[in-house]
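Scroll down for the structure; my scribbles are underneath it.
The values are calculated or read from the model by the stated rules, or taken from the named source; none is laboratory data. Small disclaimer: the values here were computed from a predicted structure and weren't measured. Cβ coordinates were reconstructed from backbone atoms using ideal geometry, including for glycine residues, and neighbour counts include every protein chain displayed. The protein model used for the area step is the full one, side chains on, heavy atoms only, and it has no ligands, DNA or RNA in it. Shrake-Rupley method; radii C 1.70, N 1.55, O 1.52, S 1.80 Å.
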Amino acid sequence: MKGFHTLSAVFVITFLFWSTACASKVGEIEVTRPWARATASTARTGAAFMMIRNGGAYTDRLVAVSSSVSKKAGLHKSFMENDIMKMRHVDALEVPAGGMVALEPGGYHVMFMGLKAPFKEGDSFPLTLVFEKAGKIGVSVTIMKAGAMGGMKMKRTH
C-alpha cells in the first residue's frame, strides 16, 4: 500500500508540474502543455502539440512557427479522407476570442521537416510561435515517448 501512495504522489506532482509549469503567456494568448513524441533515429520529420487559449476579446491567429531543431517548421492539419489519413499545410490557425485551440495527434500540429537530430524521450527544445496580434511566444517542448498521446485522445476529423 505504501508503494501505491508513493506512486499516487508522483502522479499528482507530475500532473501539477505539467499543467502549470509548462505554460507560456504573452498578452491574452497562453500556450500550455507543449509536447512532442520521440522519433526513430532515422526520422526526418517530427511533430509538436499543445493547447492555445485566447483570453482576449479579439480573435488572434497563429501565423508562423520556428525552431532550431529542423530545417523547416510549419503548421499542418491531419484529417481522414476516404479512410486514408492525410496531412496538409495550413497558412494560419485562428484562435477565437475567449476560446481555445488544441494542437493534438490527428488534428492540427506543428510539423518539423529535416530534423537535425532525432527527438529523444526526456529531452526538450525551444519553439517560437508567432501570433498576428500577440506577437512572439517562446515555449519549451517536452519530448515524450514514441506513440505518446500527451493526455489527449486521437481525434478523427472528416
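Note on the stretch 103-117: residues that are in contact (Cβ under 8 Å) with a residue 60 or more places away in the chain and crowded, with 22+ Cβ neighbours inside 10 Å amount to 3. Listed conditions (1) under 17 Å from Val63 (Cα atoms); (2) under 12 Å from the mean Cα position of the chain (by Cα) are all met by Glu104, apart from (1).
Residues in the stretch 129-141 that are over 17 Å from Asp91 (Cα atoms) and either modelled with pLDDT under 85 or open to solvent by 40 Å² or more (accessible area, probe 1.4 Å) (or both): Gly138, Ser140. Applying the criterion of being in contact (Cβ under 8 Å) with a residue 40 or more places away in the chain and touching a Lys or Arg at 6+ places or on another chain (Cβ under 7 Å) to the residues of the stretch 59-76, the residue that is most open to solvent (accessible area, probe 1.4 Å) is Val69. Checking each residue of the stretch 47-54 against the condition of being part of a strand (DSSP E or B), at pLDDT 95 or above, more than 11 Å from Trp35 (Cβ to Cβ) and open to solvent by less than 60 Å² (accessible area, probe 1.4 Å) gives at least one match.
Condition first: under 19 Å from Ala146 (Cβ atoms) and either touching a helix residue (DSSP H, G or I) at 6+ places or on another chain (Cβ under 8 Å) or of a type in the set (D, E, K, R) (or both). Can you find one or more residues in the stretch 90-105 that meet it? Yes; the residues of the stretch 90-105 include at least one that is under 19 Å from Ala146 (Cβ atoms) and either touching a helix residue (DSSP H, G or I) at 6+ places or on another chain (Cβ under 8 Å) or of a type in the set (D, E, K, R) (or both). Check the stretch 78-87 and report whether any residue there is open to solvent by 30 Å² or more (accessible area, probe 1.4 Å) and within 14 Å of the chain's Cα centre (by Cα). Looking for residues that are open to solvent by 30 Å² or more (accessible area, probe 1.4 Å) and within 14 Å of the chain's Cα centre (by Cα), one finds none in the stretch 78-87, hence no. For first residues located in the stretch 89-101 and open to solvent by less than 40 Å² (accessible area, probe 1.4 Å) and assigned to a loop (DSSP other than H, G, I, E, B), partners that are among the β-branched types (Val, Ile, Thr) and modelled with pLDDT of 95 or more and lie 6+ apart or on another chain with Cβ distances below 6 Å form the pairs Ala92/Val63.
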